[in-house]
Every structure is written in structure tokens, then in C-alpha cells.
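Below is one structure, written out as C-alpha cells, with a few remarks after it.
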Amino acid sequence: MQYDAIDESLVEDVSQIFKALSDPTRIKILHLLFQQECSVTEIAEQLKMNQSAISHQLKYLKQLHLVKKRRDKTMSYYSPDDYHVMNVLEQTIEHSKHTS
């Protein structure tokens, strides 16, 4: 059987996604957004964190196309942009529960 190597740029993209998922704050944000669309204020309140920290993490997640932003007048609301990654996150959470 011949090994079909992964393109180096794809390896880098996948690595960046796993890097994003390695941060506890980003995991919390993604888990919350998997359940409901939220504004920065709502995320900060739910996670008991300051808005600037949340905004910083959302910017990073948005760059990786893991979250998307919807504007409604003066408010911005965030939701998952890619359910493939969200499913990986949810499966990992379930795996961790199962093995604990």
C-alpha cells in the first residue's frame, strides 16, 4: 500500500486548528457558542471573564474560520463557522467524560 502524504500547507492548517483547541478559554468559548449564538458581553458574563480577553480570543478563532460574526445594528453576535471542528470538540469532551 502506498502512503498518500498530506500537503504541507494542509498539515499547517490542521496544526493551527489543534493549537486553537489547546487553549482552555477558547474551548470554553467554542463550547458555549456550540449551544447558542452570543455577543461578546454575553460570552464574558457566561464565562466570568473580561470582554477584552474574550474579544482577543474571538479574533483568533475568527481568523481560523472557527467562529463567524453577525452584526445586528450596533451589536455583533458570534456563532460557530465550522461544525466539523465543533463536532471534534464535542467528541473530545465526550471522550474525556468517558475515560474519567
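Here, each number is a calculation from the coordinates, and none is a lab measurement. Everything quoted here is computed from the prediction, not taken from an experiment. Glycine gets a Cβ as well: all are built from the backbone with ideal geometry, and neighbour counts include every protein chain shown.
As a footprinting exposure proxy, order 29, 6, 43 by other Cβ within 10 Å, with the fewest listed first. List each step's numbers first, then the result.
On the way: 29 25, 6 11, 43 21.
Taking fewest neighbouring Cβ atoms as first place, the list is 6, 43, 29.
Fewest Cβ neighbours within 10 Å first, please rank 14, 88, 67, 40 accordingly.
Ranking 14, 88, 67, 40 by Cβ neighbours within 10 Å, fewest first, gives 14, 88, 40, 67.
Which whole-number percent is the relative contact order of the chain (Cα, under 8 Å, 6+ apart)?
Relative contact order comes out at 26 percent.
Comparing 31, 56, 65, which has the greatest mean-square fluctuation in the GNM of the chain with Cα pairs linked when under 10 Å apart?
In the Gaussian network model the winner is 56.
Going by alpha carbons, how many degrees (0 to 90, nearest 10) lie between the helix axis of 51-63 and the longest principal axis of the chain?
40 degrees
Return the Rg/Rh ratio of the chain with Cα-based radii and a Kirkwood Rh.
On the way: Rg = 15.3 Å, Rh = 14.7 Å.
Ratio of gyration radius to Kirkwood radius for the chain: 1.04.
If you put +1 on each Lys and Arg Cβ and -1 on each Asp and Glu Cβ, how big is the dipole of the chain around its Cα centre, in Debye rounded to 20?
It comes to approximately 600 debye.
Exposure proxy check: 1, 86 ranked by fewest other beta carbons within 10 Å?
1, 86
For the stretch 1-74, state which trypsin sites (Lys or Arg not before Pro) are in a DSSP loop and have at most 14 other beta carbons lying within 10 Å of their beta carbon.
Hits after loop and neighbour filter: 48, 73.
Name the aspartates and glutamates eligible as straight-distance cross-link partners of residue 97: C-alpha to C-alpha under 20 Å, and not fewer than 8 places from it in the same chain.
List returned: 23.
Rounded to the nearest 500, what is the chain's calculated 222 nm mean residue ellipticity when only DSSP H runs of at least 4 contribute -39500 (n - 2.57) each, over all residues?
So the calculated ellipticity at 222 nm is -20000 deg cm²/dmol.
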